[in-house]
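Enquirer: Mind looking over this structure? Questions follow.
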Amino acid sequence: MDAAALQRQGYSVAALRALAQKRLPRMVFDMADGAAGDEITMRRNEAALAAIELAPKLLEGAPNRDQSVELFGVKLTSPVVIGPTGLAGLLWPHAELAAARAAARFGTIYSTSHASTSTIEEIGAATSGPKWMQVFLYKDRALTAEFAARAASAGYKALILTVDNQVTAGRDRDARNGMTFPLRWGPQSIVDFMSRPGWLMRMAETPSPTFVNYGARTSIGAFGPLMAQQLDPAVSWSDVEWLRKQWQGPLVIKGLLHPDDAREALKRGADAIVVSNHGGRQLDGAVASITALPGIVDAIGGAAPVMIDGGFRRGVDVVKALALGARAVLIGRPHLWGVACAGEEGVFWVLELFRREIDRALALGSWDSLAKLDRSIIFHANGAAR
Ligand SMILES: Cc1cc2nc3c(=O)[nH]c(=O)nc-3n(C[C@H](O)[C@H](O)[C@H](O)COP(=O)(O)O)c2cc1C
């Protein structure tokens, strides 16, 4: 899809999602779009954001609007960061390299997932932009330590420890589509793949993306059993302290929803946290991230940056999170829709869409800087600010 068509047809994240759906086999689209269980938490993320009502005070003048933010000493063009998403290489050949390049060009962070289909080192070398590396605490702690050491050597700025993935999730759409590891090939999946010839032709470049960070340890078929064996429901705060000792740079803990956990994270050495329910892909029934955010911001009291993800589809969603105390927002699915439509240009466009929408919202609210976004701009039925 060329740039003009991308911008004309992909005029919003929702429009890009619809375009991606037409381009991807159902099995691949659902892998990215779906969530755990009945997908209640996934829907709740978007619904809770939609329910927040803004109450701007107008005619204060905002001719120039600055949406840049700083994270760990790095200045970003906008408060939108690309979060870690595994298996992106099923949507577009070398999707992670494309997305990392787009992020660097745009001026934001790219987060590499443990389950990327290009290696930690390849993504590290693809751009000079700031990158974060995501890891889990495995039963074999040496494997976690190895990933952290590789990220350090490859020049990653921060390590993200995702803590809401203690077991593999139950995702009904994947079960229905046979998107299991090992993959179950059958007439249904073959028809599905054949129905998307454009995708099939593109993917001929990388016919069988695998979890390359695990090297010889795994093919795509062996990954499920490896994860089942390595993910550790026994992880505890002392393991966070252990990881803190393995990694010199900023440590970000992702997947917290409780204020007590946020406080504990800082005590154990975290430098920032991401309020997240994994886009509804882990514990179905968990609170919407945006609902959990204010309590966590209050618990931490400015001691460390608080970030958030889950359901952010519009620039104005980002404005709401910043008003409730977030420093930045991570996006997962939106950048995958961009990459599925147009590779690097698609991801760049998604970042640009968010930037434009944030800028428009700032102008419409008479807010000339992100510092103006605080709880006083959130409307409550009784008229009082939170
Ligand atoms: C296809 C896909 C793969 C993901 N893989 C990972 C992962 O490997 N590690 C991780 O910490 N989070 C992973 N996530 C969760 C995202 O980092 C993020 O928390 C979530 O997508 C945010 O919600 P959103 O998609 O509504 O923006 C994944 C999400 C998706 C959609």
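Rule-based calculations on the coordinates, nothing more; no lab input. What you are looking at is a predicted structure, and each value in this text was computed from that prediction instead of being measured. Because the Cβ atoms are built from the backbone with ideal geometry, glycine has one as well, and the counts that use them run over all protein chains shown.
Enquirer: Could you work out how much longer the chain between Asp2 and Ala50 gets when fully extended? Use 0.36 nm per residue separation minus the Cα distance between them, nm to one decimal.
Expert: 14.1 nm
Enquirer: In addition: Ordered by residue, what ³J(HN,Hα) values in Hz, to whole numbers, does the stretch 374-380 give under the Karplus form 6.51 cos²θ - 1.76 cosθ + 1.60, where θ = phi - 60° and Gly and Pro are x?
Expert: 9, 5, 5, 8, 8, 7, 10
Enquirer: Note down the relative contact order for the chain as a percent, whole number, built from C-alpha pairs under 8 angstrom at least six residues apart.
Expert: About 27 percent, as a whole number.
Enquirer: Something else: Using DSSP to call loops (not H, G, I, E or B), can you name the GluC sites (Glu not before Pro) in the stretch 9-105 whose Cβ has at most 13 other Cβ atoms within 10 angstrom?
Expert: Here the sparse-neighbourhood loop sites are Glu53, Glu60.
Enquirer: Setting aside same-chain residues fewer than 8 positions from Lys372, which lysines have a Cα under 24 Å from its Cα?
Expert: Hits, sequence-local ones excluded: Lys57, Lys75, Lys320.
Enquirer: So, one more: Over the Cα atoms of the chain, Rg to Rh with Kirkwood Rh, two decimal places?
Expert: 0.95
Enquirer: Can I ask one more? Cut-off under 23 Å on the C-alpha distance; same-chain residues fewer than 8 positions from Lys245 excluded. Which lysines are left, in chain and number order?
Expert: Lys131, Lys139, Lys157, Lys254, Lys267
Enquirer: Between Ser68 and Ser366, what FRET efficiency follows from the Cβ-Cβ distance if R0 is 22 Å, with the result rounded to 0.05?
Expert: Once rounded, the FRET efficiency stands at 0.70.
Enquirer: Continuing with this model, one more query. Amide H of Ile160 versus every other amide H placed in the peptide plane: which residues, excluding those fewer than 5 positions away on the same chain, fall under 5 Å?
Expert: Long-range HN contacts for Ile160: Met133, Gln134, Val135, Val252.
Enquirer: With label points built 7 Å along Cα→Cβ from the Cα atoms of Ala175 and Arg43, find their separation and express it in nm.
Expert: Once both label points are built, they end up 1.8 nm from each other.
Enquirer: Right, here's the next one. Gln21 to Thr168: extension gain in nm, 0.36 nm per residue of separation minus the Cα-Cα distance?
Expert: In short, 50.4 nm is gained.
Enquirer: Each residue of the stretch 198-213 in turn: what ³J(HN,Hα) in whole Hz from Karplus with 6.51, -1.76, 1.60 and θ = phi - 60°, glycine and Pro shown as x?
Expert: x, 5, 4, 5, 4, 6, 4, 5, 9, x, 9, x, 10, 7, 4, 5
Enquirer: Give me the distance in nm between label points sitting 7 Å out from Cα along the Cα-to-Cβ direction at Glu205 and Ser153, one decimal.
Expert: It is 2.8 nm.
Enquirer: With θ set to phi - 60°, apply the Karplus curve 6.51 cos²θ - 1.76 cosθ + 1.60 along the stretch 113-118 and write out the HN-Hα couplings as whole Hz, x wherever there is a Gly or Pro.
Expert: 7, 3, 9, 5, 9, 10
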